[in-house]
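**Student:** Would you mind keeping the following structure in view while I ask a few things?
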Amino acid sequence: MSDRTYRIAVIPGDGTGPEVVREGLKVLEAAAQASGFKYDTAVFDWGGDRYLRTSAKGGSASGGGETLPPGGLDELRRFDAIYLGAVGHPEVPPGVLERDLLLAIRFGLDQYINLRPVKLYPGVDCPLKDKGPEDIDFVVVRENTEGLYSGMGGFQYKGTPQEVSTQVHMTTRFGAERCVRFAFDLARKRDKKQLHLVAKTNVLTYVHDTWWRAFNEVGDADYPDVRREYAHVDAACMWFVKNPEWFDVIVVENMFGDIITDLGAMIQGGMGIAAGGNINPDGVSMFEPIGGSAPKYTGQGVVCPLAAISAIQMLLEQLGEAEAAARVEAAIVKALTSGRIKSLSAGHMGLSTSEVGDLVAFYI
Ligand code: IPM
Ligand code: MN
């Protein structure tokens, strides 16, 4: 990577994914020219449409359509980063694309961190009364390969009145510890140097005890300079709304992290601006807007591309292009404070998806 030429895999995916990815790539191009790096992209047509197309033809070995094609993970391993639009299609049964495409990549490439900054930019409407950019600036480090997402579990006596179902909250000390370490390292680099563990130790007395001990033992041994705090997940939801300024870095297991980051997205201005990175610090990472495929807005050019553009910023940071990443963030802020974007809500921007992309690219 030292020659500053990067290979980027692009998976536009479903719904509004392709239209916001187009804007992200527009900004990437502007950033490359301004900062002097080079890149190649390869586009993969994975997602709902391909699944439906291939299932009509008889599909994959398992009988369904094709999600992640054979050899797909190995192909992705050859890239420096992956840029994803969205996964989720109204005509594909729920769970199929999520499990066999999105989670398959997260798990298969061992992207064990899901990094989700919650930052309110100037010029963005915040639904919280009396809270501004100085109050909302924290980062959620969500574990991304374990917990309720492990897929362990099953049915017994399915379809009978005695039906039993289980879904295992699979937790390993190894998984909790590597996630906690990543979060401590991040907290150490920030001004507040404070790390919250968010969990539910009073009810999940096994799995969250593992987290609790990993958090405290690693903190005591290696991060005495980082202040440790703890919040139960229900209380954390309350504080996100009441006192978001209390948070700096949060470390949290997978499912709770999924839930609290949607709440986080709302207090930073909505799904139109919230981005995330699926990170393997020693492998290939994947960056995405976290808002999903928004089928009802597909093809109308009305959804906000700033989340996808922020995902490009995170991608550049991961590649080590810190100057370019900072440039993208500054351009987002200029666009937001230009007075030209009326709202970040789909259909209410006052500009089209591509006009917002143009605006950010202009400010690069
Ligand atoms: C997210 C999404 C996914 C998740 C879904 C689509 C499987 O909600 O990235 O937050 O639950 O992780
Ligand atoms: Mn989610």
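The values are calculated or read from the model by the stated rules, or taken from the named source; none is laboratory data. Since this is a predicted model, take the numbers as computed values, not measurements. Positions of Cβ are generated from backbone atoms using ideal geometry, with glycine treated the same way; all protein chains shown enter the neighbour counts.
**Student:** Please go through (1) outside the structural domain of Leu351 (by TED's automatic domain parsing); (2) away from ligand 1 (no atom under 12 Å from the Cβ); (3) among the charged types (D, E, K, R) for Asp282 and return the number of the only condition it doesn't satisfy.
**Tutor:** (1)
**Student:** Follow-up question, since we're still on this one. Lys296 is checked against (1) more than 30 Å from Ala183 (Cα to Cα); (2) not in a helix (DSSP H, G or I) and fails just one. What number does that condition carry?
**Tutor:** (2)
**Student:** Here's a follow-up. Looking only at residues that are part of a strand (DSSP E or B) and acidic (Asp, Glu) in the range 129-160, which one is farthest from ligand 2 (Cβ to nearest atom)?
**Tutor:** Asp137
**Student:** Of all residues being surrounded by fewer than 23 Cβ atoms within 10 Å (Cβ to Cβ) and in a helix (DSSP H, G or I) in the range 246-259, which is nearest to the chain's Cα centre (by Cα)? Just the residue, please. Walk me through it before giving the result.
**Tutor:** Going through the range 246-259, the residues surrounded by fewer than 23 Cβ atoms within 10 Å (Cβ to Cβ) turn out to be 246, 248, 255, 258-259.
Then drop every residue that is not in a helix (DSSP H, G or I), which leaves 246, 255, 258-259.
Numbers: Trp246: 22, Met255: 13, Asp258: 9, Ile259: 12 Å.
Taking the candidates together, the pick is Asp258.
**Student:** Okay, next question. Of the residues Ile105, Ile136, only one is in contact (Cβ under 8 Å) with a residue 24 or more places away in the chain and within 16 Å of ligand 1 (Cβ to nearest atom); which?
**Tutor:** Ile105
**Student:** Let me ask something else about it. Check whether at least one residue in the range 256-263 is assigned by TED's automatic domain parsing to the domain that holds Asp74, in contact (Cβ under 8 Å) with a residue 60 or more places away in the chain and polar (S, T, N, Q), and report yes or no.
**Tutor:** Step one: list which residues in the range 256-263 are assigned by TED's automatic domain parsing to the domain that holds Asp74, which gives none.
Within the range 256-263, none of the residues are assigned by TED's automatic domain parsing to the domain that holds Asp74, in contact (Cβ under 8 Å) with a residue 60 or more places away in the chain and polar (S, T, N, Q).
**Student:** Something else: Out of all the residues in the range 161-211, which are surrounded by fewer than 17 Cβ atoms within 10 Å (Cβ to Cβ) and in a helix (DSSP H, G or I)?
**Tutor:** Scanning the range 161-211 gives Arg173, Phe174, Asp185, Arg188, Lys189, Asp209.
**Student:** Now a separate question. Checking the structure you have, find out if any residue of the range 275-287 is within 14 Å of ligand 2 (Cβ to nearest atom) and without any contact (Cβ under 8 Å) to a residue 40 or more places away in the chain.
**Tutor:** No, every residue in the range 275-287 fails to be within 14 Å of ligand 2 (Cβ to nearest atom) and without any contact (Cβ under 8 Å) to a residue 40 or more places away in the chain.
**Student:** If I ask for residues that are basic (Lys, Arg) and within 28 Å of Met266 (Cα to Cα), which ones from the range 205-250 would you list?
**Tutor:** If the condition is that a residue be basic (Lys, Arg) and within 28 Å of Met266 (Cα to Cα), then Arg227, Arg228, Lys242 are the ones that fit.
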